[in-house]
Structure formats: C-alpha cells, structure tokens
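Working notes, beginning with the structure itself.
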Amino acid sequence: MLAIALDLPKMCYRLDLDRQQAGSYKIDLTLASRGFRKYLGPGTPSNAAPLNTICYPTAPSSRRTPMTLNADWMKRDLAVLWHPCTQMKDHERLPLIPIKRGEGVWLEDFEGKRYLDAVSSWWVNVFGHANAFINGRIRDQLDQLEHVMLAGFSHAPVVELSERLVALTPKGLDRVFYADNGSSGIEVALKMSHHYWINHGQPGKRRFITLTNSYHGETVAAMSVGDVSLFTETYRALLLDCIKVPTPDCYLRPEGETWEAHSRRMFEHMERALAEHAHETAAVIVEPLIQGAGGMRMYHPVYLTLLREACDRYGVHLIHDEIAVGFGRTGTMFACEQAGITPDFLILSKALTGGYLPMAAVLTTNDVYQAFYDEYETLRAFLHSHTYTGNPLACAAALATLDLFEQQNVIEANKGLAQRMGSATAHLADHPHVAEVRQTGMALAIEMVQDKSTRTPYAWQERRGLAVYGHALSRGALLRPLGNVVYFLPPYVITPEQIDFLAEVASEGIDIATRKGPSVQVSADFHPDHRDPG
Ligand SMILES: Cc1ncc(COP(=O)(O)O)c(C=O)c1O
C-alpha cells in the first residue's frame with residue numbers, strides 16, 4: 001500500500017494506492033495544479049476518467065483484497081443497514097461514505113479524506129462537529145443525569161432551557177412542550193391545536209391549511225400537511241384531508257415582480273381559503289420564509305404578517321414550523337421576527353441542540369395552555385407523550401448552543417458570511433443553465449434548469465443534482481442538492497475562504513452536471529424525492 005498525504009492549506013487529503021490496483025486511481029491534473037486532488041475510489045477504471053469527469057468510489061467488490069478501510073465499513077454497513085431517504089440499490093454504484101470523525105465544518109472518513117459539510121448534516125449543525133464547548137457540557141451532564149421521564153419528574157436542564165426559550169422567542173410564547181424530533185414536534189402542534197378547539201366546544205375545527213410545496217416531516221400527520229407529492233403520493237390513502245393553498249414561492253413570480261409584491265398577491269389565495277374554510281380549520285401551518293425540502297424556495301416576510309392578521313380575524317391558529325429555519329438561518333434568530341409577529345405555535349428542532357441530539361420544542365401561548373388546564377376528570381389534558389421528552393443530555397446540548405449564540409454574537413457575525421456566500425456565487429446567475437441564485441440569510445440556493453429562458457427544469461430522471469453531489473465529494477465537499485437545486489446551508493463556523501471553496505466546487509459541479517446529455521445513468525426503479533441529491 002502506497003499512501004500519499006497531501007496537506008494543503010485548510011484541506012488535508014490522503015490518497016491510498018493499492019499496488020494491485022494502482023491503475024484504478026487517477027488524479028485530475030487540472031485541479032491538482034490549482035492545489036486540489038480529485039479522489040477516485042477503487043473500482044474506477046483508469047481509462048474511464050477523462051479530466052473533470054465525475055467519478056464515484058464504487059461499492060466494494062468481493063474480488064478485491066485487502067479492502068480499504070472505507071470499503072470495509074461500507075460492506076458491513078450495506079449488509080445490515082437500511083438508510084433513510086435512500087434507494088438502497090443506488091449503493092451498488094454510488095459511494096456510501098463512512099465517517100470516522102468530525103471537526104468544525106469537516107467530516108473525515110476512515111481513510112483520512114475530509115468533506116466540508118456544506119449542508120450542516122441535514123441542517124442541524126451550527127457550531128461545527130465535535131465542538132469542544134458543547135462536548136464538555138454534554139459530558140458534565142452525563143455525569144449528573146442521563147435521563148429521567150418527564151411526567152411527574154423534572155430536572156434542572158429542562159427548566160433552564162424552557163426559561164431561556166421563552167425569553168428568547170417572540171413575546172407571548174410562554175409554554176414549552178418537548179418532543180424528540182421535528183416530525184413529532186409537528187404532530188404535537190397539530191394535535192394541540194385541534195384539541196384546543198375541542199376544549200373550546202368547536203370539535204368541527206379539525207382541518208389544516210397548508211401551502212403547496214411544503215415539507216413538515218415524515219410521520220403520517222406531518223406528511224399530510226406536506227406537499228412533496230412524489231414522496232407522499234404513495235401514502236395518500238393514509239393522509240389527513242388538508243386544504244392546500246398555492247405557495248408564495250418567489251421563484252414562480254412573473255418577471256419584474258418584486259418578492260414583496262408577489263408574496264402579497266399570492267396571499268389572496270390564503271385569504272380566500274380562510275374565508276371558505278375557517279369554520280372547519282384548526283390551524284394554518286407554514287415553513288416561514290424558506291420552503292426547505294421543497295427546493296429552498298423563498299418568500300417575503302410580508303406574507304407572514306398578512307397571515308397572522310388573517311388568522312386572528314378568522315379565529316384560526318398559526319403554526320410556524322421553524323425546525324429548519326430557526327436559530328439564525330434566515331438572518332434573524334427566528335424567521336417570525338422578520339414579520340414582527342408571534343405565531344400560536346412555534347416548533348423548533350434541528351439546530352436547537354447544535355446538531356448534537358434529537359429534540360424538538362413546541363412553544364405556545366398561555367391562551368392555548370389554559371384551554372387544557374382543568375380538573376383531571378374533565379379529560380381536557382394533553383395526554384401526548386414521547387419517551388425521551390426533555391432528555392437532559394439534549395437539553396444540555398441546547399443550553400450550550402444558546403450560550404454560544406450569546407457569547408459569539410452569531411447573528412451579527414453571520415451577516416458577513418451571508419454576504420460572502422452571495423458574492424462568491426453571484427457569477428452563477430449568468431450561467432446558461434442556472435435560472436436563479438437566491439438567498440435568505442445563511443441559506444443560498446442555485447436552481448439548475450434545462451432551459452434558462454423558459455425555466456424548464458431538467459427531467460428528474462437525469463439526476464443532475466447527483467452529478468454535482470458526486471463532483472463535490474471528489475473535491476472534498478458534502479453538497480447534497482435537492483433535485484436540481486444546489487444549496488449551501490453551512491455551519492456558522494465556516495470561514496470566508498471555505499465559502500469561496502464551496503462556490504468553486506459548486507460552479508465546477510454545475511458545469512459538469514449541465515453538460516449535454518444526462519450526466520448519470522438512472523436505474524428504472526429510482527424515485528426522486530425532496531432530500532435526495534437525485
Ligand atoms: C421544515 C421541516 N419540518 C419538519 C422536518 C422534520 O424533522 P425531522 O426530520 O427531525 O422529523 C424537517 C426536516 O427536514 C423540516 O425541514
């Protein structure tokens with residue numbers, strides 16, 4: 001085994017060449033001359049990789065011995081695991097990347113190759129992997145109390161966290177209920193809203209209004225209020241009957257219309273839906289400002305201001321799903337701040353624990369709380385329970401995360417990073433196959449299209465996003481597009497130089513992916529989905 005270690009500024013690569021298969025590796029000299037090496041894994045024929053072609057490490061072959069460390073883990077994994085959001089057959093030819101350790105924005109595999117986590121590991125990580133401060137706080141908590149059930153018992157971290165969340169969120173959100181992941185948090189808010197109306201003698205208010213192109217999670221009720229049809233269609237028979245209102249998504253606005261004008265105009269659909277259905281509607285649920293899994297589609301805060309006012313007028317709850325956008329992602333601590341409003345339910349998760357442990361918090365008003373507060377025999381209580389509700393370790397991670405937000409003036413510091421994300425990618429707006437580069441705070445998306453003038457999208461079967469994903473991996477970046485949308489949603493500890501690196505990788509990837517003809521062979525049984533790079 002011959003190992004070449006490359007220690008480049010900000011990046012560290014190790015390329016292992018097995019003598020028996022030395023010919024199966026190739027270095028992209030174009031990129032190498034700019035200080036980068038292209039990673040081609042075992043199984044890539046030496047003559048099959050012209051410069052700048054996308055190459056993937058392939059799944060391990062039993063013929064090869066000895067296996068690399070990555071391949072060994074990949075083989076063991078594929079023998080027993082079923083991965084989320086994955087057509088497992090894809091891994092016959094696409095890499096599964098076993099990660100050994102993380103540090104800051106970097107993830108490192110078992111052979112020392114590093115990947116810049118441009119998507120914060122599904123949008124959870126804000127202060128970097130293996131953050132020493134958060135690690136320490138979880139360790140301290142571990143020595144005190146790992147878990148206790150929250151019914152009938154309490155503990156210091158959950159009390160402190162609840163006090164801090166109430167203080168941090170917009171005025172009027174005075175109660176915190178916990179769940180153990182985002183989708184469960186959605187279920188809590190939906191049930192609580194309907195139950196509120198039952199307790200107020202209006203059991204007919206049992207439906208929910210939701211926006212098209214929404215995503216709120218994968219449990220059945222959360223899917224019901226979502227609208228990524230290729231993903232939820234299979235389960236249609238199981239879903240609740242929701243009222244869907246056209247999204248204010250500003251990508252769809254006519255040329256020349258501002259985000260604000262478009263968002264205002266699209267609100268007319270919501271006004272009509274509320275007028276017609278308020279009597280049978282418990283709540284409107286939205287992803288404020290950014291429809292994440294629907295392709296990082298964005299809209300103006302005025303929509304939320306109008307929505308708050310209309311919900312009050314029609315007697316309908318407003319649920320803000322800030323699972324993805326809370327904790328600074330949109331440029332303010334919470335997206336609802338930009339609209340100057342307080343929702344009836346605010347659901348937080350993902351970055352709540354800094355990306356460490358699964359937890360969701362559902363904040364609500366005293367009005368909602370009081371509707372449940374009564375003698376036990378009235379059976380008005382909210383008897384919803386998740387086993388790990390308010391887990392002390394997750395609370396400790398969340399408290400440490402909130403401390404970092406306070407100590408480091410993160411929201412202010414992010415302004416410079418957000419600006420850099422915009423300037424580093426601005427040139428892509430002129431790319432012949434990019435319809436739009438859009439940004440809200442620390443989320444930036446680049447929409448690849450087949451035809452720029454008509455905004456005709458690429459057929460999903462072509463999996464152009466997957467080509468970007470593959471190229472980015474070869475360059476040491478985890479950029480996992482949503483279909484044809486390449487996006488950056490990085491941890492806030494990213495540096496301006498690392499943002500430039502991501503922009504360079506994304507530009508190359510988009511060039512490669514949008515070359516003529518499908519970039520990647522697609523197997524017939526592949527189904528696209530919102531979180532898959534295909
Ligand atoms: C806006 C939004 N809501 C809900 C969820 C579901 O959260 P979880 O995956 O923790 O169930 C997600 C996850 O991506 C999300 O982006």
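The values are calculated or read from the model by the stated rules, or taken from the named source; none is laboratory data. Note that the coordinates shown come from a computational prediction; the quantities given were computed from them, not determined experimentally. FYI the Cβ positions are ideal-geometry reconstructions off the backbone, even for glycines, and counts take in every protein chain you see.
Quick notes on this one:
- Check on L346, within 13 Å of the ligand (Cβ to nearest atom), aliphatic (A, V, I, L, M), surrounded by fewer than 24 Cβ atoms within 10 Å (Cβ to Cβ) and not in a helix (DSSP H, G or I): no
- In the stretch 283-305, of all residues being more than 10 Å from the ligand (Cβ to nearest atom) and either outside the structural domain of L211 (by TED's automatic domain parsing) or part of a strand (DSSP E or B) (or both), the one that is nearest to T258 (Cα to Cα) corresponds to M298.
- With a requirement of 3 or more residues that are free of Cβ contacts under 8 Å to residues at least 40 places away in the same chain, the helices (runs of 4 or more DSSP H) lying completely within the stretch 67-161 that satisfy it span 69-80, 132-144.
- Note on the stretch 366-396: residues that are on the phi < 0 side of the Ramachandran plot and touching a Pro at 6+ places or on another chain (Cβ under 9 Å) amount to 7.
- Residue match in the stretch 321-343 (condition: over 25 Å from N409 (Cβ atoms) and in a loop (DSSP other than H, G, I, E, B)): yes
- Applying the condition of being crowded, with 18+ Cβ neighbours inside 10 Å and aromatic (F, W, Y) to the stretch 76-121 and asking which residue is nearest to the ligand (Cβ to nearest atom) yields Y115.
- Scanning the stretch 162-191 for residues that are charged (D, E, K, R), in contact with a helix residue (DSSP H, G or I) (Cβ under 7 Å, 6 or more places away or on another chain) and surrounded by fewer than 20 Cβ atoms within 10 Å (Cβ to Cβ) yields R164, D174, R175.
- P203, sole failed condition from (1) outside any helix (DSSP H, G or I); (2) touching a residue at least 12 places away in the same chain (Cβ under 8 Å); (3) over 16 Å from A351 (Cβ atoms): (2)
- Candidate set: the stretch 349-389, residues that are of a type in the set (D, E, K, R) and away from the ligand (no atom under 16 Å from the Cβ); chosen: the one surrounded by the fewest Cβ atoms within 10 Å (Cβ to Cβ): E377
- Odd one out for R308, checked against (1) assigned to a helix (DSSP H, G or I); (2) buried (at least 23 other Cβ atoms within 10 Å of the Cβ): (2)
- Taking the stretch 271-286 as the range and being touching a residue at least 40 places away in the same chain (Cβ under 8 Å) and over 26 Å from the mean Cα position of the chain (by Cα) as the test, the residues that pass are A273, L274, H277, H279, E280, T281, A282.
- Of the residues making up the stretch 200-220, those that are surrounded by fewer than 21 Cβ atoms within 10 Å (Cβ to Cβ) and more than 8 Å from the ligand (Cβ to nearest atom) number 9.
- If the condition is being within 13 Å of L173 (Cβ to Cβ) and either small (G, A, S) or surrounded by fewer than 24 Cβ atoms within 10 Å (Cβ to Cβ) (or both), then the stretch 319-333 contributes G326, M333.
- Test result for T232, touching a strand residue (DSSP E or B) at 6+ places or on another chain (Cβ under 8 Å), over 26 Å from Q439 (Cβ atoms) and of a type in the set (S, T, Y): no
- Residue that is nearest to G328 (Cα to Cα), among those in the stretch 162-188 that are in a helix (DSSP H, G or I) and more than 16 Å from the ligand (Cβ to nearest atom): L168
- The listed residue being without any contact (Cβ under 8 Å) to a residue 40 or more places away in the chain and not β-branched (V, I, T), out of L289, L239, L307: L239
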